[in-house]
Amino acid sequence: MKFGVIIFPGSNCDMDAVHAVNDALGHEAVPIWHESESLEGSDVVIVPGGFSYGDYLRCGAIARFSPIMRAVEQHAGDGKPVIGICNGFQILTEANLLPGALHRNTGLRFLCQTVNLRVENTDTIFTRALKIGQVLRLPIAHNEGNYFAEPDVLAEIERNGRVLFRYCDEDGNVTPEANPNGSLNNIAGVVNAAGNVLGMMPHPERACEALLGSDDGLGIFRSIVGEF
């Protein structure tokens with residue numbers, strides 16, 4: 001399976017994603033510059049983390065208008081997988097491919113740490129290799145990771161099982177203390193209504209090898225390619 005990794009000015013997790021797919025997963029990943037209008041035959045699109053366009057205006061607000069995003073939107077509209085990680089999540093909300101928005105962390109500080117996530121739904125292409133209630137250890141590195149949605153939107157997301165990951169403690173308990181950034185309902189990752197577009201703030205591509213302290217992120221990539 002071929003993964004296309006979008007690179008914007010200011011992306012800094014693009015090569016991490018390429019490495020995770022090529023070397024840890026054993027599939028093909030190609031970097032795609034934001035000025036391109038083609039996904040080069042990619043089966044899966046990764047919109048990686050970083051600080052696209054320096055996070056001017058709002059995180060992801062300028063990247064949303066890059067030429068490549070027309071192809072990403074078409075790819076998503078065709079029901080093909082798209083995963084936005086950290087800044088990529090922010091870009092996908094700006095592009096209206098995912099509901100809600102990412103605000104400043106409640107402590108108004110950049111956070112770089114390891115967090116625990118509880119798997120909430122395994123009936124998706126992104127989580128089918130995981131188990132309900134499984135706790136994943138993944139790193140975060142963000143300043144605007146505080147997930148917000150209007151009450152009716154939030155209710156619909158919850159009602160339809162579109163929350164895939166929540167911040168939790170090491171035992172899987174979802175508590176305020178386990179929430180690093182103030183996200184509503186401890187939400188760390190959501191999918192669109194069709195289930196083919198995922199946005200998440202934690203970085204699975206940085207947790208695909210035991211040498212890095214955790215290989216829990218590899219389960220998400222294995223889910224996508226159907227290896228489990």
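Just give me the residues in segment 2-26 being of a type outside the set (Gly, Ala, Ser), more than 15 Å from the chain's Cα centre (by Cα) and in a loop (DSSP other than H, G, I, E, B), in sequence order.
Hits for segment 2-26 are Phe8, Pro9.
For segment 159-205, which residues satisfy the criterion of being of a type in the set (D, E, K, R) and touching a Gly at 6+ places or on another chain (Cβ under 7 Å)? Working first, answer last.
Applying the first criterion (of a type in the set (D, E, K, R)) to segment 159-205 yields 159, 162, 166, 169-171, 177, 205.
Correct list: Glu205 only.
Here are some residues: Val119, Val153, Val115. Which one is of a type in the set (A, V, I, L, M), out of contact with any Asp or Glu (no Cβ under 7 Å at 6 or more places or on another chain) and farther than 24 Å from Ala210 by Cβ?
On the way: Val119 fails: farther than 24 Å from Ala210 by Cβ; Val115 fails: farther than 24 Å from Ala210 by Cβ.
One residue alone meets the criteria, Val153.
If Ala29 satisfies every condition in (1) assigned to a helix (DSSP H, G or I); (2) over 21 Å from Leu97 (Cα atoms); (3) aliphatic (A, V, I, L, M); (4) in contact with a strand residue (DSSP E or B) (Cβ under 7 Å, 6 or more places away or on another chain) but one, which is the exception?
So the condition that Ala29 fails would be (1).
Within segment 46-81, how many residues turn out to be under 20 Å from Leu164 (Cβ atoms) and surrounded by fewer than 24 Cβ atoms within 10 Å (Cβ to Cβ)?
Within segment 46-81, the subset under 20 Å from Leu164 (Cβ atoms) is 46-49, 60, 72, 75-76, 79-81.
Going one step further and asking which of them are surrounded by fewer than 24 Cβ atoms within 10 Å (Cβ to Cβ), we end up with 75-76, 79-81.
Residues that pass the stated criteria total 5.
If only one of Arg159, Arg166 is free of Cβ contacts under 8 Å to residues at least 24 places away in the same chain and more than 20 Å from Ile224 (Cβ to Cβ), which one is it?
Values: Arg166 fails: free of Cβ contacts under 8 Å to residues at least 24 places away in the same chain.
Among Arg159, Arg166, only Arg159 is free of Cβ contacts under 8 Å to residues at least 24 places away in the same chain and more than 20 Å from Ile224 (Cβ to Cβ).
Among the numbered criteria (1) among the small types (Gly, Ala, Ser); (2) touching a residue at least 60 places away in the same chain (Cβ under 8 Å); (3) crowded, with 20+ Cβ neighbours inside 10 Å, which one does Ala95 miss?
For Ala95, the exception is condition (2).
Return the residues of segment 170-216 that are farther than 21 Å from Phe3 by Cβ, in a helix (DSSP H, G or I) and free of Cβ contacts under 8 Å to residues at least 12 places away in the same chain; say none if nothing qualifies.
Within segment 170-216, Pro176, Glu177, Ala210, Leu211 meet the criteria.
Where in segment 104-169 are there strands (runs of 3 or more DSSP E), lying wholly inside it, with at least 2 residues that are surrounded by fewer than 19 Cβ atoms within 10 Å (Cβ to Cβ)? Don't jump to the end; show me each part of the working.
Details: elements: 111-119, 135-142, 146-148, 163-168.
Strands (runs of 3 or more DSSP E) meeting the threshold: 111-119, 135-142.
Return the residues of segment 34-45 that are loosely packed, with under 14 Cβ neighbours inside 10 Å and closer than 29 Å to Phe110 by Cβ; say none if nothing qualifies.
Quick first cut of segment 34-45, residues loosely packed, with under 14 Cβ neighbours inside 10 Å only: 35, 37-38, 40-41.
The one that is loosely packed, with under 14 Cβ neighbours inside 10 Å and closer than 29 Å to Phe110 by Cβ: Glu35.
Considering segment 138-159 alone, what residues qualify as being within 13 Å of the chain's Cα centre (by Cα) and hydrophobic (A, V, I, L, M, F, W, C)? Walk me through it before giving the result.
As a first pass, look at segment 138-159 and keep what is within 13 Å of the chain's Cα centre (by Cα): 138-142, 145, 147.
Across segment 138-159, the qualifying residues are Leu138, Ile140, Ala141.
Among the numbered criteria (1) touching a Phe, Trp or Tyr at 6+ places or on another chain (Cβ under 6 Å); (2) outside any helix (DSSP H, G or I), which one does Ser223 miss?
For Ser223, the failing item is (2).
Got at least one residue in segment 132-140 being within 25 Å of Glu227 (Cβ to Cβ), free of Cβ contacts under 8 Å to residues at least 40 places away in the same chain and touching an Asp or Glu at 6+ places or on another chain (Cβ under 8 Å)?
Yes, the conditions are met somewhere in segment 132-140.
Criterion first (in contact with a Gly (Cβ under 6 Å, 6 or more places away or on another chain), under 21 Å from Arg206 (Cα atoms), among the β-branched types (Val, Ile, Thr) and in contact (Cβ under 8 Å) with a residue 60 or more places away in the chain) does Ile85 satisfy it? Walk me through it before giving the result.
Numbers: in contact with a Gly (Cβ under 6 Å, 6 or more places away or on another chain): yes; under 21 Å from Arg206 (Cα atoms): yes; among the β-branched types (Val, Ile, Thr): yes; in contact (Cβ under 8 Å) with a residue 60 or more places away in the chain: yes.
Spelling it out, Ile85 is indeed in contact with a Gly (Cβ under 6 Å, 6 or more places away or on another chain), under 21 Å from Arg206 (Cα atoms), among the β-branched types (Val, Ile, Thr) and in contact (Cβ under 8 Å) with a residue 60 or more places away in the chain.
Values quoted throughout were computed directly from the atomic coordinates according to the rules given, and no laboratory measurement underlies them. Keep in mind it's a predicted model, so treat the numbers as computed, not measured. No Cβ is skipped: glycine too gets one built from the backbone with ideal geometry, and neighbour counts run over all protein chains shown.
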